[in-house]
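Rule-based calculations on the coordinates, nothing more; no lab input. In this text the structure is predicted, and so the values were computed from the model without any measurement. All Cβ positions, glycine included, derive from the backbone under ideal geometry; neighbour counts span all protein chains shown.
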Amino acid sequence: MIRSLALHLGLVALLFALHFVLPPYHHGNLARVMVLATYAIGYNLLFGYTGLLSLGHALFFAAGMYGMALSVQYLGAAPAPALLLGLVAGLVVAGITGALALRTTGVAFMIVTLMFAQAGYLTILYFGEYTRGDEGFVIQQAQRVLWGLDLSQPTWRYMAAWALFSACLLGSLALIRRPFGRTLIAIRENEERARMLGYDTFAHKWVAVVLSGGISALAGAAYGLLFGYAGASFASVQYSIFPLLWVLLGGAGTILGPFVGTLFMFYLIDLSSGITTAYMLMAGVVLVLLTLFAPQGLIGELRRRVWGWLP
């Protein structure tokens, strides 16, 4: 427990220190990675720890983003209440989606979540008069000042991303150590046995969906606020597949996996795009090799081979 806590606090401290030494390009990239890794943390709670494979998490990410952006754009809300509205929007959508989707299992659950996400995407396009559809809209600099801090400035944008990521990282670590988190793992390993032991598996899975959707929505709201843009592309299938890839690459069911997977894939695409226009082919080859030789993900393999105490 002490080693695990020290490791995660060490990562938090390292990311804080990097703020002072990174060049502007990587400074901005890492801020983006931390917000997207927060999205992956939310996905990992559902997939990695509960064993529910969702193909519709972009619905929650976009719900948070648009809950924040529309309240800023049309209600004149300040950033703090706008973020709260984005979180509430994600929680409500996740609660309704979870209550319906959890009536199915396995492949059917994957299909239903995908259908909900596509419905959300089409809804954004249908109400393009307000959402501006694929074009999206820019959140102006004056609308991104939180408690006197201009989040459009690199320093405060990085620190806000760091604070969000750190809170969600350490929060997920604490949650998995609690009885509720252990019950989720039991459901993942053998739901029927968990039910026989007296646990209400439906209720636990529903709460997992709501928590996962809430974290994802908060990441979406923060992404829109920190980088000043909201668009329908964030509700597309692509943004449902991304967190799945990040979690698989880093290690499903590990606390550090989402961050490592997001960082790895972000720079894999970034570096390969500087070499060739067929950068997705290069990225695909690397991903296939990792799948073959590190099936449990980077952190998962490290846990299996070296540090068995990693959570």
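Subtracting the Cα-Cα distance of Y126 and L100 from 0.36 nm times their residue separation leaves 7.0 nm of extension gain.
Only the Cβ atoms of Lys and Arg (+1) and of Asp and Glu (-1) were treated as charged; on that basis the dipole of region 121-227 about its Cα centre amounts to roughly 460 debye. When only the Cβ of Lys, Arg, Asp and Glu is charged (+1, +1, -1, -1), the dipole of region 2-236 relative to its Cα centre reaches about 580 debye. Under 1.5 on a/c is rounded, so check that first for region 203-311, then, if it is not, pick prolate when a/b is larger than b/c and oblate when it is not; a ≥ b ≥ c are the square roots of the alpha carbon gyration tensor eigenvalues. Oblate, because a/c is 1.5 or more while a/b does not exceed b/c. Give, as ranges by residue number, the residues of region 11-28 whose backbone N falls under 20 Å from the point 7 Å along Cα→Cβ of Q153. In region 11-28, the label zone of Q153 (backbone N under 20 Å from the point 7 Å along Cα→Cβ) covers 16-28. For the chain, hydrophobic long helices are taken as DSSP H runs at least 27 Å long by C-alpha position along their axis with mean Kyte-Doolittle hydropathy of 0.0 or more; these are 24-47, 79-101, 106-126, 154-177, 201-227.
Suppose a student asked you for the relative contact order of the chain, using Cα pairs under 8 Å spaced at least 6 residues apart; what percent would you report?
31
The modelled label-to-label distance for the pair H26/S273, using points 7 Å beyond Cα in the direction of Cβ, is 1.9 nm.
Taking mean projected area of the Cα convex hull in nm² straight from the coordinates, which label in [x] 16.5; [y] 15.0; [z] 19.1 is the correct one? Matching entry in [x] 16.5; [y] 15.0; [z] 19.1: [x].
Rounded if a/c is under 1.5, else prolate if a/b is larger than b/c, else oblate: which is region 1-124, with a ≥ b ≥ c the root eigenvalues of its Cα gyration tensor? Could you put the intermediate results ahead of the total?
Numbers: a/c = 2.29, a/b = 1.30, b/c = 1.76.
Oblate, because a/c is 1.5 or more while a/b does not exceed b/c.
When a/c is below 1.5 the answer is rounded, else prolate if a/b is larger than b/c, else oblate, so apply that to region 94-164 with a ≥ b ≥ c taken from the square roots of the Cα gyration tensor eigenvalues.
oblate
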